[in-house]
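Structure, as structure tokens:
The values are calculated or read from the model by the stated rules, or taken from the named source; none is laboratory data. These numbers come from a predicted model, not from an experiment. Every residue, glycine as well, gets a Cβ built from its backbone with ideal geometry; the counts of neighbours run over all protein chains shown. The protein model used for the area step is the full one, side chains on, heavy atoms only, and it has no ligands, DNA or RNA in it. Shrake-Rupley method; radii C 1.70, N 1.55, O 1.52, S 1.80 Å.
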Amino acid sequence: GEDALLPAPQNISILSTNMKHFLSWSPVIVQGETVRYSVEFQGEYERDYANESWIPICECSLITATVCNITEDISATVAYNLRVRADVGTRRSEWGTLKGFFNRITTSLTPPLMKVIADGCHLLVELEDMGPAFQFCVLYWKKGQESRQKVVKDASSVVHLDTMEAGPDYCVKAQTYVEAINRSSSFSQTQCVGAQGGTSMWLV
Amino acid sequence: RCRVSMSMTEIRLGFTAIKASIVSIQARDPIKTLSILSHPQSLHKVKSSDRCCITHHLFNFYVDKVFKHCKTEDSYINRKISSIANSFLSMKKKLRQCHEQNKCMCGEESTEKFKQILANYEGLNVTSAAIKSLGELDILLDWMEKSQRAEHV
């Protein structure tokens, strides 16, 4: 009936890829009613120095969605607790809490998208802009020779890697590096191009 | 040497987002006092050999004393303070490891310098002192970034 206790949200989990973190949970079903959810977080600082206080995420207060982008609040490399509760009218559930902590150091890092461009004799690479937390390590080599490395801190513009000789192919691969968690992705697929007779060739 | 990777960018972004609000809270404080971090001597006068110790002391200071007294009515500011506090806690733990491995030794000068900062802080009522210290975070961040650059030269 009306006063039956509202069940707490279940199956609370985090999906974290490339330093973007999303909390999701299973919907609480109440026939004919709109259920709303609210999310709170607690960092290690709050646990150890601020009386285990919880902080609400206002963008995820009384929402109907069952997912919340918590990226902006998970902005330190410490262990976080997260919890969700449900509201229907005046009825409110207990908190459902994420099992275990979440530390962004566990985010999964995918190889960057990369476009290799042979612009005449110039070897260029365009990298996916993944946000300020990301740097890139780009390896490039003339086929059959040692590779060279270039660290790219700003992916917003095309990067000039080398001036190519006519004839041999030049190959490129890249990985991301996130200083805040001191981790790198695996390398992207290798892409090879050859110097062009003055025309641009894009290879996706 | 104590080698600790610090993501200053995130701390700086978090602080920049709330600096104006913190300064306006401070402006309501009738007591106009001197700087907590820079009085009487600027952080920039600290010898390079003392930098690690002063940094370690200051991270402990902010985590142990300052942030807990900075709660505001504004949930956005509280969230940003939380992210700065958790970043500082992460750094504090790394610096403690350096200290335990004798890589972050404290000379007399840095100990004196930190005592002065504590005296400045304890000369005010706790909430004013905490908000003022929070408002001066950019002094600390500027000094740390300048020190980092100096070490790379």
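Laid out as a table, the results:
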quantity: Selected residue (criterion: nearest to the other protein chains (Cβ to nearest Cβ)) from residues of the stretch A:19-34 that are surrounded by fewer than 19 Cβ atoms within 10 Å (Cβ to Cβ) and touching a residue at least 12 places away in the same chain (Cβ under 8 Å); calculated: A:20
quantity: Qualifying positions in the stretch B:1-21 - more than 21 Å from residue B:89 (Cα to Cα) and either within 13 Å of chain A (Cβ to nearest Cβ) or surrounded by 15 or more Cβ atoms within 10 Å (Cβ to Cβ) (or both); calculated: B:21
quantity: Breaking point among (1) touching a residue at least 24 places away in the same chain (Cβ under 8 Å); (2) surrounded by fewer than 20 Cβ atoms within 10 Å (Cβ to Cβ); (3) under 30 Å from residue B:14 (Cβ atoms); (4) in contact with a strand residue (DSSP E or B) (Cβ under 6 Å, 6 or more places away or on another chain), for residue A:176; calculated: (2)
quantity: Residue within the stretch A:48-69 that is within 14 Å of chain B (Cβ to nearest Cβ), within 17 Å of residue B:80 (Cβ to Cβ), in contact with a Ser or Thr (Cβ under 8 Å, 6 or more places away or on another chain) and part of a strand (DSSP E or B) present; calculated: yes
quantity: Residue in the stretch A:80-93 that is modelled with pLDDT of 95 or more, within 14 Å of chain B (Cβ to nearest Cβ) and in contact with a helix residue (DSSP H, G or I) (Cβ under 8 Å, 6 or more places away or on another chain) present; calculated: yes
quantity: Options A:146, A:94, A:128; residue that is farther than 29 Å from residue A:78 by Cα and open to solvent by 60 Å² or more (accessible area, probe 1.4 Å); calculated: A:146
quantity: Any pair with Cβ under 8 angstrom, 6 or more apart, that starts in the stretch B:88-103 at a residue that is more than 14 Å from residue B:3 (Cβ to Cβ) and ends at one that is aromatic (Phe, Trp, Tyr) and surrounded by 14 or more Cβ atoms within 10 Å (Cβ to Cβ); calculated: B:88/A:45; B:88/B:59; B:88/B:62; B:88/B:67; B:89/A:45; B:89/A:49; B:92/B:59
quantity: Of all residues making up the stretch B:44-58, the number that are open to solvent by less than 80 Å² (accessible area, probe 1.4 Å) and either touching a Lys or Arg at 6+ places or on another chain (Cβ under 8 Å) or within 14 Å of chain A (Cβ to nearest Cβ) (or both); calculated: 5
quantity: Condition met for residue B:129 (under 11 Å from the mean Cα position of the chain (by Cα), of a type in the set (Gly, Ala, Ser) and in a helix (DSSP H, G or I)); calculated: no
quantity: Near pairs, Cβ below 6 angstrom, 6+ apart or cross-chain, from the stretch B:105-124 (outside any helix (DSSP H, G or I)) to any residue that is of a type in the set (D, E, K, R); calculated: B:107/B:50
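Yes/no matrix, rows are residues, columns are (1) within 13 Å of another protein chain (Cβ to nearest Cβ); (2) surrounded by fewer than 14 Cβ atoms within 10 Å (Cβ to Cβ); (3) more than 26 Å from residue A:57 (Cα to Cα):
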{"residue": "B:67", "(1), (2), (3)": "yes, no, no"}
{"residue": "B:84", "(1), (2), (3)": "yes, no, no"}
{"residue": "B:92", "(1), (2), (3)": "yes, no, no"}
{"residue": "B:98", "(1), (2), (3)": "no, no, yes"}
{"residue": "B:107", "(1), (2), (3)": "no, no, yes"}
{"residue": "B:129", "(1), (2), (3)": "no, no, yes"}
{"residue": "B:135", "(1), (2), (3)": "no, no, no"}
